[in-house]
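The values are calculated or read from the model by the stated rules, or taken from the named source; none is laboratory data. None of these values were measured; they are calculated from a predicted model. Note: ideal-geometry Cβ built from the backbone for every residue, glycine included; neighbour counts use all protein chains shown. What goes into the accessible areas is simple: the full protein's heavy atoms, side chains included, and nothing from ligands, DNA or RNA. Shrake-Rupley method; radii C 1.70, N 1.55, O 1.52, S 1.80 Å.
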Amino acid sequence: MDKVIISASELLKLNRNKDLIIIDARSGQQGKDNYTNQHLEGAVHVDLDKDLSDIKEDVSIGGRHPLPHIKEFAKLVNSLGISLNSHVVVYDDKNGANAAARFWWMLKALGHKKVEVLNGGFKQAQAAGFPLSSKTETAKKVEPYPVDNWKLPIVDITKVEKVAKDPNYLVIDVRTPERYNGETEPIDLIAGHIPGATNIPLSTNLDKNGLFLSPEALKRNYQNIMKNKPIENIIVHCGSGVTACHTLLAFAHAEFEIPNLYVGSWSEWSRNNKPIGTNL
């Protein structure tokens, strides 16, 4: 299994390595502004909404952050200077839970071997003394990235509906307990969860400092939850297929194969007249 998490001190040692490509995936309203003001030296920026999603007017089809076509993503990868030999390190400012894990998943799904998420993100690298910059970085020219199909498993709403209550499957909802329970829904139209889904908040992948638990600790935790279910029967989702990638990253860090991603997630499910579970 390829290494998927890198520490700030490890990244510091790699700085200015000719194969190193650093991706700043800070997103949201301030993401680009934060990048412009200050970023890790050499980092190029990607935007969750514009670059890592193909957002549709009708959110009921594919949810809030559907994947772009793989050929469009390959063009983006090319524009970022990433070649087959690149060692890619991606960071955000949400402990990897926002666009960093999504970019990692997408690049792995493209077939790229060497891509890691920076443990602790921007602040951790800053604290470790990684050089910072405010200049616009220019990606180097590379050959077009070869493209085929997404190479990591994805399931659709039909599959989720079919297996969510099947005891041989495990559908993991990584959102906060409040959203899963139906107490509050700050983003989507309806509060609640997919009936049969198990709530394992992504925060349980992290220690009190916002760093990933050790591979051994994560392996123990998920083995207890999986109860010997095969990895192909594990489906992970969130609100819109972004933060679910944090748990897929945790699985990979624990040296499991990467489970299925339900990209549409709650944002799609809740808009399609599907059953709604609550714990109120």
Within the stretch 183-199, the count of residues that are surrounded by 16 or more Cβ atoms within 10 Å (Cβ to Cβ) and hydrophobic (A, V, I, L, M, F, W, C) comes to 3
Among LYS151, LYS141, the single one that is in contact (Cβ under 8 Å) with a residue 12 or more places away in the chain, of a type in the set (Lys, Arg) and closer than 21 Å to ILE22 by Cβ is LYS141
A careful count of residues in the stretch 65-119 that are buried (at least 22 other Cβ atoms within 10 Å of the Cβ), modelled with pLDDT of 95 or more and of a type in the set (Gly, Ala, Ser) gives 4
When ASN221 is run through (1) more than 18 Å from GLY196 (Cα to Cα); (2) without any contact (Cβ under 8 Å) to a residue 40 or more places away in the chain; (3) crowded, with 21+ Cβ neighbours inside 10 Å, the failure sits at (3)
Heads up, the helices (runs of 4 or more DSSP H) in the stretch 205-280 (entirely inside) with at least 3 residues that are under 20 Å from GLY120 (Cβ atoms) and either in contact with a strand residue (DSSP E or B) (Cβ under 7 Å, 6 or more places away or on another chain) or hydrophobic (A, V, I, L, M, F, W, C) (or both) are 244-253
Output for Cβ contacts, cut-off 7 Å, separation at least six or different chains, first residue β-branched (Val, Ile, Thr) in the stretch 25-47, second at pLDDT below 95, reads VAL44/GLU137; VAL44/ALA139
* Answer yes or no: is there a residue in the stretch 162-172 that is of a type in the set (A, V, I, L, M, F, W, C), more than 19 Å from the chain's Cα centre (by Cα) and within 30 Å of LYS71 (Cα to Cα). => no
Here the qualifying pairs (Cβ atoms under 6 Å; residues six or more apart or on different chains; first in the stretch 80-107 and over 11 Å from ILE23 (Cα atoms); second hydroxyl-bearing (Ser, Thr, Tyr) and at pLDDT below 95) come out as ASN98/SER27
Filtering the stretch 154-180 down to residues that are in contact with a Leu (Cβ under 7 Å, 6 or more places away or on another chain) and open to solvent by 10 Å² or more (accessible area, probe 1.4 Å) yields ILE154
Contact list, first residue from the stretch 260-280 and open to solvent by 20 Å² or more (accessible area, probe 1.4 Å), second anywhere and modelled with pLDDT under 95, beta-carbon distance below 7 Å, six or more apart or interchain, is ARG271/LEU189
Here the residues within the stretch 188-204 that are at pLDDT 95 or above and part of a loop (DSSP other than H, G, I, E, B) are ASP188, ILE190, ALA191, GLY192, ILE194, PRO195, GLY196, ALA197, ILE200, PRO201
From the option list GLY81, GLY62, single residue qualifying as among the small types (Gly, Ala, Ser) and under 24 Å from ILE235 (Cα atoms) is GLY62
Checked pairs for the stretch 51-64, first closer than 14 Å to VAL263 by Cα, second outside any loop (DSSP other than H, G, I, E, B) and open to solvent by 50 Å² or more (accessible area, probe 1.4 Å), C-beta under 9 Å and 6 or more apart or across chains, list as ASP54/GLU72; ILE55/ASP49
Within the stretch 48-64, the count of residues that are surrounded by fewer than 17 Cβ atoms within 10 Å (Cβ to Cβ) and either part of a loop (DSSP other than H, G, I, E, B) or small (Gly, Ala, Ser) (or both) comes to 7
Checked against (1) touching a residue at least 24 places away in the same chain (Cβ under 8 Å); (2) open to solvent by 10 Å² or more (accessible area, probe 1.4 Å); (3) more than 19 Å from the chain's Cα centre (by Cα), LEU202 satisfies every condition except (3)
| query | Could you say whether any residue in the stretch 24-33 is of a type in the set (A, V, I, L, M, F, W, C), in a loop (DSSP other than H, G, I, E, B) and surrounded by fewer than 16 Cβ atoms within 10 Å (Cβ to Cβ)? | reply | no
